[in-house]
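One structure below.
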Amino acid sequence: MRTQNALSRSQESAEAHEMRLSIDRERHAKSRASETFTQRETRLSSQRNRTDVARSCESVEGRQARLESDRERHAESRASETYTQRETRLNTDEQREERRAAARQRYHELLGDASTHLSQERDRIQEIRGTWSDEQRAAQVEQDRLRRNVNQLSTSDEESTVYDIEEQPWLNKEGSGFMYNVAINYAAYGNIGALEEVCAHCQARKWKGEPNGMCCASGDCKVCCIM
Ligand SMILES: [Zn+2]
């Protein structure tokens, strides 16, 4: 069938060639207008496959010839486009380029924000650590080491291992609000008891360890009078 077609096509006149193409176009347009969504998807997909196969075995010259004829075809179609068609196309190209430029800018801004934030964080932590005692520093070094281990675990293939790591005690509480460590079970070490103390002066209930005078300045302030 293909060979026959190739033979008869090589012998057809320019007029016959044009005629055949025009009939083909009409036939295709008709069948496409009536195709269902699935038919359309199937057709496009098999077309893509055919294109992929054809391109994967095309020679360097074949590729150049194809690109050249593509360029010519585009130039032709642009030469024959109407003012409105041209405006629409340029508009779309322009808008597309504008959208791309805006997206690029947003992306770079985000990158910039992230790196500025990181360096500010680094400075802040450096400042906090500058005020530490040797003991605190040693504890932090240990905590950093543990955190690195945890991070390595959590980036490994088995993410679940992160939940199986050994729990660390919450020893150094100062500043730990700024240094969350996933290995510490804070709840187990964060029990501050109940409101069991009662102020002798104003009977306010207090946490264990709350200093005297915090509620009523040791009786100087009479709550009943205010209320
Ligand atoms: Zn009191």
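The values are calculated or read from the model by the stated rules, or taken from the named source; none is laboratory data. Note that this is a predicted model, so its numbers are computed, not measured. Counting neighbours? That spans all protein chains shown, and the Cβs are built from the backbone with ideal geometry, glycine included. Keep in mind that these areas ignore ligands, DNA and RNA; they rest on the heavy atoms of the full protein, side chains included. Shrake-Rupley method; radii C 1.70, N 1.55, O 1.52, S 1.80 Å.
Being closer than 30 Å to Met179 by Cα and within 31 Å of the chain's Cα centre (by Cα), is that true of even one residue in segment 96-108?
Yes, some residue in segment 96-108 is closer than 30 Å to Met179 by Cα and within 31 Å of the chain's Cα centre (by Cα).
Considering (1) modelled with pLDDT of 85 or more; (2) touching a helix residue (DSSP H, G or I) at 6+ places or on another chain (Cβ under 8 Å); (3) open to solvent by 60 Å² or more (accessible area, probe 1.4 Å), say which one Gln120 fails and leave the rest.
Just one mismatch for Gln120, condition (2).
Anything in segment 197-208 that is in a loop (DSSP other than H, G, I, E, B) and touching a strand residue (DSSP E or B) at 6+ places or on another chain (Cβ under 8 Å)? List them, or say none.
Cys199, Ala204, Trp207, Lys208
Of the residues Arg71, Arg99, Arg137, which is open to solvent by 90 Å² or more (accessible area, probe 1.4 Å) and closer than 30 Å to Ala54 by Cβ?
The unique qualifying residue is Arg71.
Can you find a residue that is away from the ligand (no atom under 16 Å from the Cβ) and modelled with pLDDT of 80 or more anywhere in segment 200-223?
No, there is no match, as no residue in segment 200-223 is away from the ligand (no atom under 16 Å from the Cβ) and modelled with pLDDT of 80 or more.
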